[in-house]
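Asker: Take a look at this one; I'll ask things after.
The values are calculated or read from the model by the stated rules, or taken from the named source; none is laboratory data. Only a predicted model underlies this, so the values are computations on that prediction, with no experimental measurement involved. Because the Cβ atoms are built from the backbone with ideal geometry, glycine has one as well, and the counts that use them run over all protein chains shown. Please note that ligands, DNA and RNA were not included when accessible areas were found on the heavy atoms of the full protein model with its side chains. Shrake-Rupley method; radii C 1.70, N 1.55, O 1.52, S 1.80 Å.
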Amino acid sequence: MAKNNKEDKDKGPGIWTMTRKVLKFVFKTVWHEKKSVYLLYLLSALGNGLSELKVLLLPKLLVDEIVAIKDGMPVEDHLKNIVFYVILTVTAEFVSRLLRNIANSSFSWCQTYFDRVLQYGICEKSMSMDFQYTEDPDVLNQLEKAREGISWYSGGVISMLNCFYWIIYNTVLMITVIAIIAVHCPLLIPVQIIAMGLVCWFNVKNQKIELSFFMKLAKSNRLFGYFFFDVPSYRHGLDTRMYESAEMFTERGTIYAKNQIALWEEEAHLQRRNTYKANIANAFRDGLSYFYMGYRAIKGIISLGEFTMCASAASSLYQSLIGIGGNLQDLTQKCSYAYQYLVYLEYPDALKKGTEPVTGDRHVIEFRHVSFKYPRSEEYVLKDVNIKIAPGEHLSVVGLNGAGKTTFIKLLCRLYDVTEGRILVDGKDIRDYSESEYRRLFSVVFQDFKLFAFSLKDNVEMGDTLRPEDQSYLEKTLKLSGIYEDAKNLKKGFDTMIFKSFDEDGTELSGGQQQKTAISRALYRNAPIVILDEPTAALDPLAEYEIYKKFDALVGGKSAIYISHRLSSCRFCDHIAVFADKTVKEYGTHDELVHRKDGIYAEMFAAQAQYYVEAAS
Ligand code: ADP
């Protein structure tokens, strides 16, 4: 299965399978989101049909009437006919334009509407797919292909529907004009078909070139986006200014931009030759057609009106053949780009999902012989970790940078699956639990938590649908984390936007205030297990002391895991697990560990105590 998936990803299915799947998706999306689009296509077909009628039939009728007058037939009768045909021509033109204008003006906003719908699909998938994919370069490339593929490469839903519409429309037109030509100038048919075949052949070659460059460009587009949109964003403003690195970044960005332009130039160069050849085939078609029709008119096989009609019909036949061929190629090509969107939306889960419900609110956590390597990495980050956390226990996790503390938390939260061993909650393997129920067990503040450019209130509540709107509860959590007073004094109180990105009245919180907001977010969730990964790193000593003092109030009788470099905070916890050499090297209470001879904890504690003594003196 895994092998098949990989092969699928590498090679992809055939062009017709991709086209079929994408069309099915497009028709379903349009039906589901906006059925009126189909009515617009009907109006457009009526408008275009009228226009064809005007070009094909009315000139013939008019020319025949004029020739009749010239040949000495009664002027009065034929003049009446001429006036009637002219009125018909003007009316057909007017109605046809009106219908097409109505349809076309609506298509442009429908296009934007569907662009939003499709972007929404990408966002939803990106936020719900397994966490480990967020750092997988294959997935990130696929995301880029999906974004580009469904937007300007495929042109989006309306553009693909347009191709389909023109194929149907041109097929009907082709049958009509073939019937006309077959009667008057039958040899025109093979001439148009051969020319069309040649033009399509050269177009196919160009499309293959474009598709191969699309694949090559995915990574360079991503790099381009990173250098020109991500790096200059004001989130990075401080570092770029303080380290005066703007020049370095623009230089790097310019290199990527140059590579990209070189690829585009190469693509254009390869395509140019095929375009010239297609133009030559077209010129031959025109010459041969007029030579043949002229010959038949001079010989008197067809009338002057029929010559006019055949000239229009030949042009319509060629246009419809080109329309069918071109739109078929265009459609398959657009669908092959858009297919990347479906691949992304259907990206298989990395982790097997369980279905078991989580019951109760006091939970036993147990790591049994857990070892772990990050995906795509050969190195173990954790090896044979064994630890048990009782309900209501407060565990402090300490260790040097890179010892695996955050990884331990990520495994517990099931952001990754263990490589070996098992993690049990209440005696059950966590892989068996329903993902959403399991996630609700945790209130976590990660070390690199993120606040969003929404209001402070939204950042704390995070759209928690399980809790009815409750201002007093929000206030309670803000008070507990110590940001209540600051938040109340903001220009729009709790509704103040965080960051100034979308609101000039927005606020730029300090690092400490951001951390307190993140702590409020975790408290608001009120989950039975609280995890704080270095929650006080950005706090000043006073605020840190406040948090420690309130630790019991913050966490209450819930289980808590607390990662901190400041060992003084470990005193507040029941047990301490010291991570070193990829495992839990020491485990016990503060008093047990601090007196252990040659113990890691004892050494770290002494070093920190020494630092504080020195700093104080
Ligand atoms: P700690 O929290 O103790 O500082 P981490 O758990 O963050 O340590 O990291 C443990 C080890 O795992 C480090 O060597 C780190 O480089 C590695 N690591 C962390 N995250 C990833 C990742 N996403 N992919 C690969 N290796 C990682």
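Asker: Using the Cα centre of the chain as the reference point, and only Cβ charges (+1 on K/R, -1 on D/E), how large is the resulting charge dipole? Debye, rounded to the nearest 20.
Answerer: Using Cβ point charges on Lys, Arg, Asp and Glu, the chain gives about 1740 debye.
Asker: Ratio to report: Rg/Rh of the stretch 309-372, with Cα atoms as the point set and Rh obtained by the Kirkwood method; give two decimals.
Answerer: 1.57
Asker: What nm value, rounded to one decimal, do you get for the distance between Val364 and Ala262 when each label is placed 7 Å out toward the C-beta?
Answerer: 6.3
Asker: Let me ask something else. So what's the stretch 454-524 giving for Rg/Rh, alpha carbon basis, Kirkwood Rh from the mean inverse pair distance?
Answerer: 0.94
Asker: Separate question: What three numbers, in Å, describe the spread of the alpha carbons of the stretch 85-242 along their principal axes, ordered from the longest?
Answerer: Result for the stretch 85-242: principal-axis Cα extents of 78, 36, 32 Å.
Asker: For the stretch 194-328, what's the relative contact order in percent, using C-alpha pairs closer than 8 Å and at least 6 residues apart?
Answerer: The normalised contact order for the stretch 194-328 reaches 44 percent.
Asker: Nearest 10 degrees, 0 to 90: what angle lies between the long axis of helix 2-11 and the longest principal axis of the chain (Cα atoms)?
Answerer: Here the helix axis deviates by roughly 40 degrees.
Asker: Over 10 Å intervals from 0, what percent of Cα-Cα pairs in the stretch 416-458 sits in each interval?
Answerer: 20, 38, 27, 14, 1
Asker: Another question, then. Taking all pairs of distinct Cα atoms, average 1/r, flip it, and tell me the Kirkwood hydrodynamic radius of the stretch 123-209 in Å to one decimal place.
Answerer: 17.1
Asker: Sticking with this one: Which distance in Å, rounded to a whole number, links the C-alpha centroids of the stretch 90-169 and the stretch 480-535?
Answerer: 38
Asker: Between 0 and 90 degrees, rounded to the nearest ten: what's the tilt of helix 600-616 against the longest Cα principal axis of the chain?
Answerer: 80
Asker: Something else: Taking the Cα centre as origin and putting +1 on Lys and Arg beta-carbons and -1 on Asp and Glu beta-carbons, what dipole magnitude results for the stretch 306-389, to the nearest 20 debye?
Answerer: 440
Asker: Can I ask one more? Computed over the Cα atoms of the stretch 1-118, what is the convex hull's projected area averaged over all directions, in nm²?
Answerer: 11.7
Asker: Same structure, new question: How long is the gain from Lys24 to Lys277 if the chain were fully straight, where each residue apart is worth 0.36 nm and the alpha carbon distance is subtracted?
Answerer: Computed gain between Lys24 and Lys277 is 87.6 nm.
Asker: For Val86, Val555, what's the largest-to-smallest order of accessible area, 1.4 Å probe?
Answerer: Result of the area sort, largest leading: Val86, Val555.
Asker: How compact and how long is the stretch 302-344, expressed as Rg and Dmax of its alpha-carbon atoms in Å?
Answerer: Just the Cα atoms of the stretch 302-344 yield Rg and Dmax of 17.9, 60 Å.
Asker: Using a 7 Å offset from the Cα along the Cα-to-Cβ direction at both Leu351 and Ala580, what is the distance between the two label points in nm, to one decimal?
Answerer: Here the answer is 3.1 nm between the modelled labels.
Asker: Could you work out how much longer the chain between Ala182 and Phe284 gets when fully extended? Use 0.36 nm per residue separation minus the Cα distance between them, nm to one decimal.
Answerer: Here the segment from Ala182 to Phe284 would lengthen by 34.6 nm.
Asker: Any chance you could get the radius of gyration and Dmax over the Cα atoms of the chain, in Å?
Answerer: Just the Cα atoms of the chain yield Rg and Dmax of 35.5, 126 Å.
Asker: Once Lys and Arg get +1 and Asp and Glu get -1 on their Cβ, which of Leu53, Gly421, Leu456 lies farthest toward the positive end of the dipole of the chain?
Answerer: With unit charges placed on the Cβ atoms, the residue in question is Leu53.
Asker: Keeping every protein chain in place, order Lys24, Lys125, Lys277 by accessible area at 1.4 Å, biggest value first, i.e. largest first.
Answerer: Lys24, Lys277, Lys125
Asker: For the chain, what relative contact order do you get, as a whole percent, if you take Cα pairs closer than 8 Å and at least 6 residues apart?
Answerer: 14
Asker: Measuring from centroid to centroid over Cα atoms, what is the spacing of the stretch 286-363 and the stretch 378-409 in Å?
Answerer: 57
Asker: Students sometimes get this wrong: rank Cys573, Cys123 by accessible area, probe 1.4 Å, all chains present, largest first.
Answerer: Putting Cys573, Cys123 in descending order of accessible area: Cys123, Cys573.
Asker: Something else about it: Run the simple label-point estimate for Gln447 and Ile102 please: 7 Å along Cα→C-beta, distance reported in nm.
Answerer: It is 6.4 nm.
Asker: With equal scatterers on the alpha carbons only and no solvent term, can you work out the Debye log10 of I(q)/I(0) for the stretch 297-417 at 0.15 1/Å?
Answerer: Normalising to I(0) and taking log10 leaves -0.91.
Asker: Can you tell me the orientation of helix 36-56 relative to the chain, as the angle in degrees between its alpha-carbon axis and the longest Cα principal axis, to the nearest 10?
Answerer: The angle comes out near 20 degrees.
Asker: Could I ask something else about it? Assuming R0 = 60 Å, what is the FRET efficiency of Asp426 and Asp505, from their Cβ-Cβ distance, to the nearest 0.05?
Answerer: Efficiency, rounded to the nearest 0.05: 0.80.
Asker: Still on this model: Can you tell me which of 306-315, 57-66, 131-140 comes out highest on packing, and rank the rest after it, using the mean Cβ neighbours within 10 Å?
Answerer: 306-315, 57-66, 131-140
Asker: Further, regarding this structure: Multiplying the sequence separation of Asp77 and Lys479 by 0.36 nm and subtracting their Cα-Cα distance, what value in nm do you get?
Answerer: Contour length minus Cα-Cα distance gives 135.1 nm.
Asker: With +1 on each Lys and Arg Cβ and -1 on each Asp and Glu Cβ, and nothing else charged, work out how big the dipole of the stretch 11-345 is about its Cα centre, in Debye to the nearest 20.
Answerer: Magnitude of the dipole: close to 560 debye.
Asker: Take every Cα-Cα distance within the stretch 11-345, group them into 10 Å bins from 0 onward, and report for each bin the whole-number percent of pairs it holds.
Answerer: Per 10 Å bin, starting at zero, the Cα-Cα P(r) for the stretch 11-345 comes out as 5, 18, 24, 22, 15, 9, 5, 2, 1, 0 percent.
Asker: Provide the packing ranking of 422-432, 151-161, 400-410, 498-508, i.e. peptides ordered by the mean count of other C-beta atoms within 10 Å per residue, highest first.
Answerer: Top of the packing list down: 151-161, 400-410, 422-432, 498-508.
Asker: Counting only helical runs of four or more DSSP H residues, what would the 222 nm mean residue ellipticity of the chain come to if each run contributes -39,500 (n - 2.57) and the total is spread over all its residues?
Answerer: One gets -21000 deg cm²/dmol as the mean residue ellipticity at 222 nm.
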